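In what follows, a single structure is set out as structure tokens and then discussed.
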């Protein structure tokens, strides 16, 4: 009998716990398993009394045990049912007690048509009760935006369509691309972050959220609660242009304006420069005609006012002329009276002065004697013998020497 040969192990013997921990370390250390998205059929769905949810994701040949802890349960608005297809995101880890690996889920997104529609309707109803779609919250779009932010994939057809429309309609308006994945399980988070960023860009006064056409499943991210809330919470108006014609996404319901395609969204945001120039030209003609009519009316009114003003001026001038004539006559009369009064006064004063004049005294036979200094001699004691005096008569004068003085 030939001896059986056993392979020599590469490492010393380990306990079950040590091996399980080693496997756990390998799985945790794999970046591919820390953030995964798994698509499959939901089976054995159970909600435990602890609040945790347990289920299995089944493929064609494999099954993956999964658990969602209650801290993540509150974010799920509609739960799938057994048999529904769903996209589950989370991380893979080892459950040592069971000796199995399992998916620790953080989100569940139904992708089967029936389950997906149920989830959408449940979320729509919840957001509608919350007032997220209330038309009273809708904001008007700026008529002439200065800068527009576009949230979309930088490599998608949506961006090319928007740029083409804007270059034809309004090439003078600045466009800022805020890139985001618009398809797949990462799309809701990226789009929500991009909308938040777009709302903080200085000078931006309108946002376009766009995606080109595709299968219904490809457009499902726009029914995600995160995008709907990001649209509504954006501080500036948001226009959606998601490539679908039949159904409205929750993002469309939350937007200020929804259009069926990216091109349609661009057409409603960017004003047509040719149309604007036509409006300006028509407005200019209207303003010119109105100005001419106003000018003609003003000229006619000015002529009427001029004639009326001239008549009023003539009336005022005539009245002023009469008042001036009356005033002149009154001044003349007062002047004549004043002259007559002054003449009478002067005549009386002249008579008084004439009566008081020394010449009048001299005329009555008196004379005036003055000393050598011209002072009147009023008393004989003021002269002495030999003084020369001057004697003034009514007519003429004479010089004399004092021969004797008698006091």
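The values are calculated or read from the model by the stated rules, or taken from the named source; none is laboratory data. Treat the numbers as computed from the prediction; the structure is a model and nothing was measured. All Cβ positions, even for glycine, are placed from backbone atoms using ideal geometry, and neighbour counts span all protein chains on display.
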**Item:** Only one of 110, 145 that is under 27 Å from residue 52 (Cβ atoms) and in contact with a strand residue (DSSP E or B) (Cβ under 7 Å, 6 or more places away or on another chain)
**Value:** 110
**Prompt:** With respect to residue 194, is the statement that it is closer than 18 Å to residue 133 by Cβ, in contact with a helix residue (DSSP H, G or I) (Cβ under 9 Å, 6 or more places away or on another chain) and part of a helix (DSSP H, G or I) true?
**Reply:** no
**Message:** Among the residues in the stretch 211-233, are any part of a strand (DSSP E or B), closer than 21 Å to residue 184 by Cα and in contact with a helix residue (DSSP H, G or I) (Cβ under 7 Å, 6 or more places away or on another chain)?
**Reply:** yes
**Item:** residue 247 vs. criteria at pLDDT 80 or above and either touching a helix residue (DSSP H, G or I) at 6+ places or on another chain (Cβ under 9 Å) or within 30 Å of residue 131 (Cβ to Cβ) (or both)
**Value:** no
**residue 51 being farther than 24 Å from residue 183 by Cβ, under 53 Å from the mean Cα position of the chain (by Cα) and either surrounded by 13 or more Cβ atoms within 10 Å (Cβ to Cβ) or at pLDDT 75 or above (or both)** = yes
**Request:** Name the residue, out of 91, 71, 62, 107, that is within 51 Å of the chain's Cα centre (by Cα), closer than 20 Å to residue 185 by Cβ and free of Cβ contacts under 8 Å to residues at least 12 places away in the same chain.
**Result:** 71
**Item:** the stretch 110-135, subset in a loop (DSSP other than H, G, I, E, B) and modelled with pLDDT under 80, residue nearest to the chain's Cα centre (by Cα)
**Value:** 111
**Message:** Looking for something under 13 Å from residue 207 (Cα atoms), assigned by TED's automatic domain parsing to the domain that holds residue 203 and over 25 Å from the mean Cα position of the chain (by Cα) - is there at least one such residue anywhere in the stretch 221-235?
**Reply:** no
**Item:** Residues (over 19 Å from residue 250 (Cβ atoms) and free of Cβ contacts under 8 Å to residues at least 40 places away in the same chain) located in the stretch 189-203
**Value:** 197, 200, 202
**Item:** Among the residues listed as 88, 75, the single one being surrounded by 15 or more Cβ atoms within 10 Å (Cβ to Cβ) and either more than 26 Å from residue 29 (Cβ to Cβ) or modelled with pLDDT of 85 or more (or both)
**Value:** 88
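Condition check ((1) in contact with a strand residue (DSSP E or B) (Cβ under 7 Å, 6 or more places away or on another chain); (2) in a helix (DSSP H, G or I); (3) within 11 Å of residue 208 (Cα to Cα); (4) in the same structural domain as residue 223 (by TED's automatic domain parsing)) across all residues:
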| residue | (1), (2), (3), (4) |
| --- | --- |
| 251 | yes, yes, no, yes |
| 258 | yes, no, yes, yes |
| 263 | no, yes, yes, yes |
| 287 | no, yes, no, no |
**Request:** Would you be able to tell me the number of residues in the stretch 136-158 that are under 16 Å from residue 258 (Cβ atoms) and part of a loop (DSSP other than H, G, I, E, B)?
**Result:** 4
